[in-house]
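Engineer: The structure's right below; bear with me while I get my questions together.
The values are calculated or read from the model by the stated rules, or taken from the named source; none is laboratory data. Just so it is clear, the structure is predicted and the values come from calculations on it, not from any experiment. Here Cβ is always computed from backbone atoms with ideal geometry, including for glycine, and neighbour counts include all displayed protein chains.
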Amino acid sequence: MDSLKITGGQTLNGTIPISGAKNSALKLMAASLLTREPLTLTNMPNLADTRFLSQLLASLGVEVYWPKGDNECRLNAAELTSTIAPYDQVRKMRASFNVLGPMLAREGHATVSLPGGCAIGARPVDLHLNALEALGADLKVEAGYVKAAAIHGLKGAKVVFPIVSVGATEHAMLAATLAKGETVLENAAREPEIADLADCLNKMGAKVSGAGTATVTIEGVESLSGTQHSVMPDRIETGTYAMAAAAAGGDVTLEGAPVKALGAMIDAMQRCGITVDADADAGTIRVQRNGTALQAINVDTQPHPGFPTDLQAQFMALMSIADGTSVIRENIFENRFMHAPELSRLGADIQVRGKEAIVQGVKQLRGAPVMATDLRASVSLVIAGLAAEGETQVNRIYHLDRGFERLEEKLSGCGAVIERVDGE
Ligand code: EPZ
């Protein structure tokens with residue numbers, strides 16, 4: 001298995017271009033199932049997860065034209081040859097579950113494996129299923145599969161989510177575009193990726209309004225057409241490199257950044273004493289730290305516009321070298337502190353108590369071999385490794401390949417000493 005070797009202690013200086021957002025791209029790709037015409041997605045991130053979903057779509061009969069390394073992907077679902085998404089494909093990546101709603105809306109039936117739990121928590125899909133049922137789907141869960149039918153089509157309905165869910169909001173939105181009548185989603189997630197999906201759906205002829213607010217209204221239409229859409233830039237990738245620059249020190253400008261989507265993160269970094277200059281019009285965020293101390297602060301993860309859970313691990317790496325004590329509270333997932341013991345291997349002082357991690361800043365981290373169990377946890381170890389003295393080896397980097405495009409290239413372009421080592 002490949003690993004990353006990082007020689008820490010170099011400051012980062014330069015510019016980093018931001019790629020398209022994984023978590024937007026995955027839902028946009030699922031939207032291709034709603035139309036018989038081609039959907040062309042530009043600014044597509046070349047990631048293990050997006051490539052994986054393209055294979056699942058191909059297995060359903062979608063013609064996929066996406067040359068290796070290219071950032072433009074053309075998906076043509078003129079004919080579906082299958083409406084079954086098998087266990088192996090959904091188990092490996094939870095976002096695959098989102099093909100259920102579009103296939104059901106278009107074909108009147110679909111069978112998709114339940115995704116199961118994952119490293120960061122149990123992650124049920126009850127909210128997805130309740131929303132589809134409210135839209136008139138007849139659902140049976142048998143042998144680990146959801147068998148869904150809506151012989152006379154889906155019907156618009158009011159769906160009130162008991163808790164905020166990004167995936168369930170997107171799933172309901174996708175399915176409701178082809179339902180008869182109006183659907184109103186209340187207590188909807190407000191993540192920027194939801195507005196990106198709505199933009200694309202509207203270009204395809206859907207009538208979605210209110211995306212990005214807590215109430216999303218969808219007026220169902222007969223059919224959708226193809227379109228071209230540019231995937232929004234990745235706010236988590238942006239936040240990750242911002243924290244890498246702050247942890248290692250230096251002066252880094254993130255280009256093509258979704259500045260408005262990162263208010264909570266920018267605010268948190270500024271409260272730590274980091275110089276962050278954000279220009280929403282230019283789409284740039286410049287992060288500077290030249291020898292100044294980092295101030296420890298507390299953060300709580302929250303649904304958007306709060307501090308994102310997907311930046312919690314990276315922020316913990318930063319706080320592990322701050323002055324003072326930081327309390328980091330994870331409110332979204334029940335088991336998302338698995339990076340804490342690995343950061344401790346690098347010398348961080350972290351105690352986990354239930355939903356809280358208490359991070360007592362240390363003067364200096366020291367390199368060590370580490371490994372992680374999920375994507376954001378892995379990259380938090382990269383950040384810590386960049387700030388640490390000596391060599392850090394990050395194992396199991398297939399997690400990183402799921403969500404960070406050209407990570408080593410982007411970091412080494414700013415002076416990081418980082419290389420991929422081929423495993424046996
Ligand atoms: C999305 O996951 C993202 N994934 C996650 O990013 C992100 O951490 C998360 O939203 C929160 O921002 C994608 O977009 C592909 P949720 P999602 O439904 O949609 C519970 C990354 O690293 N819940 O908003 O699955 C759930 O268990 C990934 O890129 C239910 O109880 O998240 C969690 O506690 C990791 N029942 C909470 O809601 C349900 O039916 C919020 O999850 C659905 C969710």
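Engineer: Which of the residues belonging to region 158-173 are over 12 Å from Val216 (Cα atoms) and buried (at least 18 other Cβ atoms within 10 Å of the Cβ)?
Structural biologist: Val164, Ser165, Val166, Gly167, Ala168, His171, listed by residue number.
Engineer: Still on this structure, please answer the following. Could you tell me which numbered condition Asp374 fails, if it satisfies all but one of (1) under 19 Å from Glu419 (Cα atoms); (2) within 16 Å of the ligand (Cβ to nearest atom)?
Structural biologist: Of (1) under 19 Å from Glu419 (Cα atoms); (2) within 16 Å of the ligand (Cβ to nearest atom), only one is false for Asp374: (1).
Engineer: When region 136-165 is examined, which residues are found to be modelled with pLDDT under 95 and not in a strand (DSSP E or B)?
Structural biologist: Hits for region 136-165 are Ala143, Gly144, Ile151, His152.
Engineer: If Glu255 satisfies all but one of (1) without any contact (Cβ under 8 Å) to a residue 24 or more places away in the chain; (2) outside the structural domain of Asp70 (by TED's automatic domain parsing), what's the number of the condition it fails?
Structural biologist: Every listed condition holds for Glu255 apart from (1).
Engineer: Further question: Say whether the condition of being assigned to a loop (DSSP other than H, G, I, E, B) and within 13 Å of the ligand (Cβ to nearest atom) is met by at least one residue in region 124-135.
Structural biologist: yes
Engineer: Please give the helices (runs of 4 or more DSSP H) falling wholly within region 23-112 in which 2 or more residues are in the same structural domain as Ala168 (by TED's automatic domain parsing), touching a residue at least 24 places away in the same chain (Cβ under 8 Å) and over 23 Å from the mean Cα position of the chain (by Cα).
Structural biologist: 100-107
Engineer: Can you name the condition, by its number, that His152 falls short on among (1) surrounded by fewer than 21 Cβ atoms within 10 Å (Cβ to Cβ); (2) within 16 Å of the ligand (Cβ to nearest atom)?
Structural biologist: His152 satisfies every listed condition except (2).
Engineer: Among the residues of region 8-59 satisfying the criterion of being of a type in the set (Lys, Arg) and within 15 Å of the ligand (Cβ to nearest atom), which is nearest to Leu381 (Cα to Cα)?
Structural biologist: Top of the filtered list is Lys22.
Engineer: Where residues in region 176-194 are surrounded by fewer than 19 Cβ atoms within 10 Å (Cβ to Cβ) and not in a loop (DSSP other than H, G, I, E, B), which of them is nearest to the ligand (Cβ to nearest atom)?
Structural biologist: Glu186
Engineer: OK, next. Which ones in region 50-70 are among the polar types (S, T, N, Q) and crowded, with 17+ Cβ neighbours inside 10 Å?
Structural biologist: Thr50, Ser54
Engineer: Continuing with this model, one more query. Could you tell me how many of the residues in region 1-15 are of a type in the set (Asp, Glu) and either buried (at least 16 other Cβ atoms within 10 Å of the Cβ) or not in a loop (DSSP other than H, G, I, E, B) (or both)?
Structural biologist: Total satisfying the criteria: 0.
Engineer: I've got another one for you. If a residue must be surrounded by 22 or more Cβ atoms within 10 Å (Cβ to Cβ), of a type in the set (A, V, I, L, M, F, W, C) and not in a loop (DSSP other than H, G, I, E, B), how many such residues does region 308-345 contain?
Structural biologist: 9
Engineer: For region 107-123, which positions are out of contact with any strand residue (DSSP E or B) (no Cβ under 8 Å at 6 or more places or on another chain) and away from the ligand (no atom under 16 Å from the Cβ)?
Structural biologist: Correct list: Glu107 only.
Engineer: With the checklist (1) of a type in the set (D, E, K, R); (2) within 30 Å of Ala388 (Cα to Cα); (3) within 13 Å of the ligand (Cβ to nearest atom) in hand, flag the one item Lys5 doesn't pass.
Structural biologist: Of everything listed in (1) of a type in the set (D, E, K, R); (2) within 30 Å of Ala388 (Cα to Cα); (3) within 13 Å of the ligand (Cβ to nearest atom), Lys5 misses just condition (3).
Engineer: When you scan region 355-370, do you find a residue that is under 20 Å from the mean Cα position of the chain (by Cα), assigned by TED's automatic domain parsing to the domain that holds Thr292, assigned to a loop (DSSP other than H, G, I, E, B) and at pLDDT 95 or above, even just one?
Structural biologist: no
Engineer: Determine whether Leu80 is among the aliphatic types (A, V, I, L, M), surrounded by fewer than 24 Cβ atoms within 10 Å (Cβ to Cβ) and touching a Lys or Arg at 6+ places or on another chain (Cβ under 7 Å). It would help to see each step written out before you state the result.
Structural biologist: Details: among the aliphatic types (A, V, I, L, M): yes; surrounded by fewer than 24 Cβ atoms within 10 Å (Cβ to Cβ): yes; touching a Lys or Arg at 6+ places or on another chain (Cβ under 7 Å): no.
The answer is no for Leu80.
Engineer: For region 390-412: of the residues being assigned to a loop (DSSP other than H, G, I, E, B) and under 24 Å from the mean Cα position of the chain (by Cα), which is surrounded by the most Cβ atoms within 10 Å (Cβ to Cβ)? Show your work before the answer.
Structural biologist: Of the residues in region 390-412, the ones assigned to a loop (DSSP other than H, G, I, E, B) are 390, 396-397, 404-406.
Within this subset, residues satisfying the condition of being under 24 Å from the mean Cα position of the chain (by Cα) are 396-397, 404-406.
Details: Arg396: 19, Ile397: 25, Phe404: 27, Glu405: 20, Arg406: 15.
So, considering only residues that are assigned to a loop (DSSP other than H, G, I, E, B) and under 24 Å from the mean Cα position of the chain (by Cα), the one surrounded by the most Cβ atoms within 10 Å (Cβ to Cβ) is Phe404.
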